[in-house]
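Working notes, structure below.
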Amino acid sequence: MPDQNPHPVNRPATLVVCIGNELVADDAVGYHIYRQLQQQNMSEKIRLEYCAVGGIILLELLSGAEKLLIVVDAVQLGALPGTLHIIPWEKLPVNKEHAVSAHGIGLKDTIAIGQTLYPERIPERIILIGVEGQCFDQLGGEMTPQVKAAIPAAIRAIHRKIQEEADE
């Protein structure tokens, strides 16, 4: 007999998706955050994923069981490099010139498409934890020092958001 409950209690309630190309300067910040989170003892209620490119591929990672989606990525919002942005879905800016993400289709558009095509998969809460980048065009280049220095703060912000969700 098939499983009658498509969302068993023991399935992860939080999905953390780190996006970024590890070979491209500041775009690698999501990859480095992912690698550090992998080494930490995360709760079984948290699923950690890495996505080299964002965009519509993000929707494939959603099972419908997640209550919270945290997307971690390098962003270009016009702040100083290394600035940490913690933005709930409702407040994500829509920028017609540049997507919030450096990966083509932006997070806001991706989730809007997901809400139309797969409304049952979209988590109740979505948060972007973005690190303001500066250099996105140097293949094999190192992250700028300000972006690299923001990694510990980004990891703390991820843990804080996960804890806030657990406390609710």
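Derivation of every value follows stated rules applied to the coordinates shown; laboratory data play no part. All of these numbers come straight from a predicted model, not from anything done at the bench. When we count neighbours, we look across all protein chains shown, and the Cβ atoms used for this are built from the backbone with ideal geometry, even at glycine.
Springs between Cα atoms under 10 Å define the GNM used for the chain, and in it the highest mean-square fluctuation of Tyr50, Tyr34, Tyr118 occurs at Tyr118. Taken about its Cα centre, the chain carries a charge dipole of roughly 240 debye when the Cβ of each Lys and Arg holds +1 and the Cβ of each Asp and Glu holds -1.
Shape summary of the range 6-85, radius of gyration then Dmax from alpha carbon positions: 13.6, 44 Å.
Here the contact order of the range 14-167, divided by its residue count and restricted to Cα pairs under 8 Å and six or more residues apart, works out to 34 percent.
Using only Cα atoms, tell me the angle between helix 151-167 and the longest principal axis of the chain; keep it within 0 to 90° and round to the nearest 10. Long axis of 151-167 versus the principal axis of the chain: about 20 degrees.
When each of Asp167, Asp27, Asp137 is scored by the number of other beta-carbon atoms lying within 10 Å, the sequence from fewest to most is Asp167, Asp137, Asp27.
If you count Lys pairs in the chain whose Cα atoms are under 15 Å apart, skipping same-chain pairs closer than 8 places in sequence, the total is 5. Bridge orientation summary for the chain: considering DSSP beta bridges with both residues in this region, about 25 percent are antiparallel. Please check: in the Gaussian network model of the chain (C-alpha springs, under 10 Å), which one of Pro81, Pro12, Pro145 has the largest mean-square fluctuation. Evaluated over the chain, the most mobile residue of the options is Pro145. For the chain, the longest principal axis of the C-alpha atoms and the axis of helix 107-117 are separated by about 30°. What's the angle, to the nearest 10 degrees (0 to 90), between helix 29-38's Cα axis and the longest principal axis of the chain? The helix 29-38 is inclined about 50 degrees to the chain.
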